[in-house]
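These notes are about the structure you will find just below.
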Amino acid sequence: MKRDVRSRWEKAVLVCAKCSKKLDTGFGDDGKPLAKALRRHLKLKNGPKAAAGVVEVKCLDVCPKGAVVVVDSERPGEWLLVRPGDDLDAVAARLGMGR
């Protein structure tokens, strides 16, 4: 039985699924949840073969009004609040995930 799995991720970003679900509008041109919009915007694949991981987690217990909580694995002490009108290029740059 396999005990570990290798991945090509350089970093991981955690996105609160509950915050994304609470918003009336989504992100990007088609109003997707933030995790999907970021993956599509950065042209990332799903799974361990991707260059980075954008993972939706159940709840981060912050629950801001009108925003989604995002945690960068390289800076776990600084949590980011992303609002639906925010530019995804700017969000990706703050997370260190430029194209």
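Could you look through region 87-99, keep only residues that are touching a residue at least 40 places away in the same chain (Cβ under 8 Å) and outside any helix (DSSP H, G or I), and pick out the one that is most open to solvent (accessible area, probe 1.4 Å)? This residue is R99. Taken over region 1-33, residues that are open to solvent by 90 Å² or more (accessible area, probe 1.4 Å) and in a loop (DSSP other than H, G, I, E, B) amount to 11.
Return yes when D61 is at positive phi, open to solvent by 100 Å² or more (accessible area, probe 1.4 Å) and not in a helix (DSSP H, G or I) and no when it is not. Can you show your working first?
Working: at positive phi: yes; open to solvent by 100 Å² or more (accessible area, probe 1.4 Å): yes; not in a helix (DSSP H, G or I): yes.
Considered against the rule, which asks whether it is at positive phi, open to solvent by 100 Å² or more (accessible area, probe 1.4 Å) and not in a helix (DSSP H, G or I), D61 comes out as yes.
When restricted to residues that are assigned to a loop (DSSP other than H, G, I, E, B) and either open to solvent by less than 70 Å² (accessible area, probe 1.4 Å) or on the phi < 0 side of the Ramachandran plot (or both), region 34-57 contains 9.
Conditions tested, residue by residue: (1) closer than 18 Å to D87 by Cα; (2) not basic (K, R).
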site	(1), (2)
V13	yes, yes
K22	no, no
A35	yes, yes
L42	yes, yes
A51	no, yes
G66	yes, yes
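Consider region 67-79 and keep the residues that are free of Cβ contacts under 8 Å to residues at least 60 places away in the same chain and touching a Leu at 6+ places or on another chain (Cβ under 7 Å). The one that is surrounded by the most Cβ atoms within 10 Å (Cβ to Cβ) is V68.
The values are calculated or read from the model by the stated rules, or taken from the named source; none is laboratory data. Fair warning: this is a prediction, and the values are worked out from it, not measured in the lab. Cβ: placed from backbone, ideal geometry, glycine included. Neighbour counts: every protein chain shown. Surface accessibility is based on the protein's heavy atoms, side chains included, excluding ligands, DNA and RNA. Shrake-Rupley method; radii C 1.70, N 1.55, O 1.52, S 1.80 Å.
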